[in-house]
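To start, the structure itself, in structure tokens.
The values are calculated or read from the model by the stated rules, or taken from the named source; none is laboratory data. All values derive from a computational prediction rather than experimental measurement. Please note: Cβ atoms are built from the backbone with ideal geometry, for glycine as well, and neighbour counts cover all protein chains shown.
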Amino acid sequence: MVVTYPRGTTAAQVHRALTDHAEYGRWELARVIRYEGGARRAWLRRKVIRVQRTL
């Protein structure tokens, strides 16, 4: 999933939004790029949840 934040978005707002994606959507942060104009683009990937067998 690729999420783009415009120039006027504060770092705290981006952090809160990415935390919500991670907590409720089971995504994890893969990469963030900040462009010269101030825009940010974040790549999220599905978090792998390994299930252990029970006997």
Review point. Taking the stretch 11-49, which residues are touching a strand residue (DSSP E or B) at 6+ places or on another chain (Cβ under 8 Å) and hydroxyl-bearing (S, T, Y)?
Key: Y35
**Study point:** the stretch 8-22: number of residues that are exposed (fewer than 10 other Cβ atoms within 10 Å of the Cβ) and either assigned to a loop (DSSP other than H, G, I, E, B) or modelled with pLDDT under 90 (or both)
**Key:** 2
Exercise for review: Working carefully through the options A39, A22, A17, find the one that is aliphatic (A, V, I, L, M) and free of Cβ contacts under 8 Å to residues at least 24 places away in the same chain.
Suggested key: A17
Exercise for review: Give the stretch 9-31 a look and list any residue that's of a type in the set (V, I, T) and over 8 Å from the mean Cα position of the chain (by Cα), or say none.
Suggested key: T9, T10, V14
